[in-house]
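Participant: Sharing a structure with you now.
The values are calculated or read from the model by the stated rules, or taken from the named source; none is laboratory data. Because the structure is predicted, anything quoted here is derived from the model rather than measured. A quick note on method: Cβ atoms are made from the backbone with ideal geometry, for glycine too, and the neighbour counts reach across all protein chains shown. Note: accessible area is taken over every heavy atom of the protein model, side chains too, but ligands, DNA and RNA are not part of it. Shrake-Rupley method; radii C 1.70, N 1.55, O 1.52, S 1.80 Å.
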Amino acid sequence: MIGFELSEDQKQLRHLAHEFAKDEIRKKAAHYDETGDWPSDVLGKAFELGLVNAHIPTEYGGLGLGALDGAIIEEELGWGCTGIATAITANSLAQIPVIVAGSDEQKRKWLAPFASEHHICAYAVTEPSAGSDVAAIQTIAVKKGDKYVLNGQKMWITGAGHASWYFVLAKTDKDAGHKGMSAFIVPKNIPGVTIGKKERNMGQCASDTRGITFEDVEIPVENLLGKEGDGFVIAMKAFDHTRPLVAAAAVGLARAAMEHAISYAKERKTFGKPLWHHEGISFMIADMASDVEASRLLVWKSASLLDQKKKNTLVAAYAKRFAADSAMRIATDAVQVFGGNGFNREYPVEKLMRDAKIFQIYEGTSQIQRVIIARELFAG
Amino acid sequence: MKILVTVKRVTDYEARLKIKPSGEGIETDGVNMIANPFDEIAVEEALRLVEKHGGEVCVVSVGATEAATQIRSALAMGADRGVLVLHDQPLDCSGISLLLEQVALQEKPDIILMGKQAVDDDSHQVAEMLAERLGFGQATQANKISIEGNLATVAREADGGIETLGVQLPCVITTDLRLNTPRYASLPGIMKAKKKPIDEKKAADFGLDLTPKVRMTHFEFPPKKQAGQIVPDVTTLLAKLRTEAKVL
């Protein structure tokens, strides 16, 4: 894809996602940001149009879209509203471990239902005292006969309140560090699963984030993904797929902030001329444009490596770090371009600034991405 | 019921257009191209009619190979198949209607649904010419269409209000803005569209004289609108209307 030219199909996907973001997501974005309600009407429409679960392989009822296709769609959804986009895309995060590590039977059971009905699933790895340091999780699964008994707590789980099942990472061997972790599919409606309250976050308010408590939850052994001890590797492999997606949503947000800044800088006059005639403003916007473009190219590269079945961990870390940090700075600068109006909720950019922050935190913080990059640079 | 829908590839109405240095046309290099929005309304209406009455929707476009993209979008919305009449030389409305006549003679549709006009040149003539050539009845600018047996009842937007016409099938109907809101082409629709057939024909093979009778000689932008003036009172206003605008 060195030509950087999208295929006709990809242009159509982008067109659909863009129209949907413009006509459906943006119209509701301010409402759901304000109320924090779950955007079920928008999600339902996205599902009908096939914008949800499109990456599920065709043999399990999905459309089998590639990573680059997904990233193209995600940028547009993120351009609409990253809160709603996260609510739409959180499914992928939980499904991808099943796609990369599940058996045929597990895929049939846990992925296929998404084709016919709009379900939610959620990725539950983070805990109250273990985020970036995944190996520090304390949730424990003990094998008893043909069951595992699960105990522990998860935190900041996106979509937790609406999910029908969770991808859960737990320790099966306390003393084996990250090699002692295993991955499970845990249905919501079984005894011992308690869902916490919806957390009130700074941004991406439409997305549903909660804690989950597992108390003597019995899960059948067939819900183990891969083998005991595979959990960490499965979770990390999933990141290779999800980081390009999350970075793409950040590109969408950054692009939206830039577009708002451009139109405001044309309209608003100071000292007798439009804002953009002042170099202080136009240079800020020129930087936004170059960073949006550079972020997008990193996203496309990290996704197209995946499509070519090549290892993309390093480039995905570049993409996630650069797109997240750029989105934060671009949204902050957009508020600056708007001046006092930018600080006000009647104008669109303060929401973008609140929404942008989480990109530097979830799916691996910007610091963790640097750890991955540096480790690679100094390896061997 | 078989419905033939025409789709024209046009410049995006949101694009900022430039006139070619020669002045003889619009620069289309690098400009986003879309399906004529009135044609999308026609596709939507055809799909609804076929959903109700059964049948087939065939989409036809006349143009260069790139016009296949616009046919593909209509197929992604749900149309069954496409016909692309390849022609990359200038054509006027008369020439296009001659080519569409040939397609209609081959396809034998019950209804030909067309946008009332294309948003690029706004000619508003092809449908009317085509109906005449085929000897079909026509109802233009529809904002409501219903079919019963062999009769199409079409409510159309006229200057004084809504005029209702009855037209015998086969006929040509053109669509107005308020007829419907076109559906999105869903992702599964886009995937399915890849497998739907597009039959390519060469305009030259029809052996028609397509020499344009109308030639575009010169394009220019409308003059820039002057800023308005605020006058202190009615007397000044009347004076200005008399002496400057000379409309009183």
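Participant: Sort through B:G149, B:G161 and tell me the only one that's open to solvent by 40 Å² or more (accessible area, probe 1.4 Å), of a type outside the set (D, E, K, R) and on the phi > 0 side of the Ramachandran plot.
Facilitator: Result: B:G149 is the single residue among B:G149, B:G161 that is open to solvent by 40 Å² or more (accessible area, probe 1.4 Å), of a type outside the set (D, E, K, R) and on the phi > 0 side of the Ramachandran plot.
Participant: Hey, can you tell me all the residues within region A:288-310 that are among the charged types (D, E, K, R) and in contact (Cβ under 8 Å) with a residue 12 or more places away in the chain?
Facilitator: If the condition is that a residue be among the charged types (D, E, K, R) and in contact (Cβ under 8 Å) with a residue 12 or more places away in the chain, then A:D291, A:R296, A:K301, A:D307 are the ones that fit.
Participant: Within region B:61-74, how many residues turn out to be open to solvent by less than 40 Å² (accessible area, probe 1.4 Å) and either within 8 Å of chain A (Cβ to nearest Cβ) or assigned to a strand (DSSP E or B) (or both)?
Facilitator: Matching residues across region B:61-74 total 5.
Participant: Then there is this: Just checking, does region A:250-261 include any residue being within 29 Å of the chain's Cα centre (by Cα), crowded, with 21+ Cβ neighbours inside 10 Å and under 30 Å from A:I185 (Cα atoms)?
Facilitator: Yes - at least one qualifying residue is present in region A:250-261.
Participant: Would you check if there is a residue in region B:22-30 being more than 14 Å from every other protein chain (Cβ to nearest Cβ), modelled with pLDDT under 95 and open to solvent by less than 40 Å² (accessible area, probe 1.4 Å)?
Facilitator: Within region B:22-30, one or more residues are more than 14 Å from every other protein chain (Cβ to nearest Cβ), modelled with pLDDT under 95 and open to solvent by less than 40 Å² (accessible area, probe 1.4 Å).
Participant: Of the residues A:V149, A:V134, which single one is over 23 Å from the mean Cα position of the chain (by Cα) and surrounded by fewer than 24 Cβ atoms within 10 Å (Cβ to Cβ)?
Facilitator: The conditions single out A:V149.
Participant: If I filter region B:100-113 for residues that are closer than 14 Å to B:V10 by Cα and either open to solvent by 50 Å² or more (accessible area, probe 1.4 Å) or in a loop (DSSP other than H, G, I, E, B) (or both), do I get at least one hit?
Facilitator: No, region B:100-113 contains no residue that is closer than 14 Å to B:V10 by Cα and either open to solvent by 50 Å² or more (accessible area, probe 1.4 Å) or in a loop (DSSP other than H, G, I, E, B) (or both).
Participant: Taking A:A323, is it crowded, with 16+ Cβ neighbours inside 10 Å, assigned to a helix (DSSP H, G or I) and either without any contact (Cβ under 8 Å) to a residue 40 or more places away in the chain or not charged (D, E, K, R) (or both)?
Facilitator: Yes: the conditions hold for A:A323.
Participant: Within the set of pairs 6+ apart or on separate chains, which have a first residue in region A:1-28 that is away from chain B (no Cβ under 13 Å), a second that is part of a helix (DSSP H, G or I) and surrounded by fewer than 20 Cβ atoms within 10 Å (Cβ to Cβ), and C-beta atoms under 7 Å apart?
Facilitator: What qualifies is A:M1/A:S304.
Participant: State which residue is surrounded by the fewest Cβ atoms within 10 Å (Cβ to Cβ) when the search covers only region B:75-94 and only residues that are in a helix (DSSP H, G or I) and under 15 Å from the mean Cα position of the chain (by Cα).
Facilitator: So the residue we want is B:S94.
Participant: Within region B:164-200, count every residue that is open to solvent by less than 40 Å² (accessible area, probe 1.4 Å), closer than 25 Å to B:H124 by Cα, in contact (Cβ under 8 Å) with a residue 60 or more places away in the chain and not polar (S, T, N, Q).
Facilitator: Of the residues in region B:164-200, 5 are open to solvent by less than 40 Å² (accessible area, probe 1.4 Å), closer than 25 Å to B:H124 by Cα, in contact (Cβ under 8 Å) with a residue 60 or more places away in the chain and not polar (S, T, N, Q).
Participant: Open to solvent by 60 Å² or more (accessible area, probe 1.4 Å), of a type outside the set (D, E) and either assigned to a helix (DSSP H, G or I) or modelled with pLDDT under 95 (or both), is that true of A:G280?
Facilitator: So A:G280 does not fit the description; no.
Participant: Pick from A:A286, A:A265, A:A250: which is in contact with a Lys or Arg (Cβ under 9 Å, 6 or more places away or on another chain), under 30 Å from A:G340 (Cβ atoms) and of a type in the set (A, V, I, L, M)?
Facilitator: A:A250
Participant: Next question, about the same structure. I need the full set of residues from region A:29-46 which are within 14 Å of another protein chain (Cβ to nearest Cβ) and either open to solvent by 50 Å² or more (accessible area, probe 1.4 Å) or among the charged types (D, E, K, R) (or both), in order please.
Facilitator: Correct list: A:K45 only.
Participant: Select from region B:168-216 the residues that are among the basic types (K, R) and in contact with a helix residue (DSSP H, G or I) (Cβ under 8 Å, 6 or more places away or on another chain) and write down the one among them that is nearest to the other protein chains (Cβ to nearest Cβ).
Facilitator: For region B:168-216, the residue satisfying everything is B:K194.
Participant: Inspect all residues belonging to region B:58-75 and state whether any of them is farther than 25 Å from B:V154 by Cβ, touching a Gly at 6+ places or on another chain (Cβ under 7 Å) and at pLDDT 95 or above.
Facilitator: Looking for residues that are farther than 25 Å from B:V154 by Cβ, touching a Gly at 6+ places or on another chain (Cβ under 7 Å) and at pLDDT 95 or above, one finds at least one in region B:58-75, hence yes.
Participant: Here's a follow-up. Just to be sure I understand the filter: pairs with C-beta atoms under 7 Å, separated by 6 or more residues or on different chains, first member in region A:61-75 and closer than 12 Å to A:A303 by Cα and within 13 Å of chain B (Cβ to nearest Cβ), second member in a helix (DSSP H, G or I) and among the charged types (D, E, K, R). Which pairs pass?
Facilitator: A:G66/A:D307; A:I72/A:R14
Participant: Any chance you could count how many residues in region A:114-156 are part of a strand (DSSP E or B) and touching a helix residue (DSSP H, G or I) at 6+ places or on another chain (Cβ under 9 Å)?
Facilitator: The total comes to 9.
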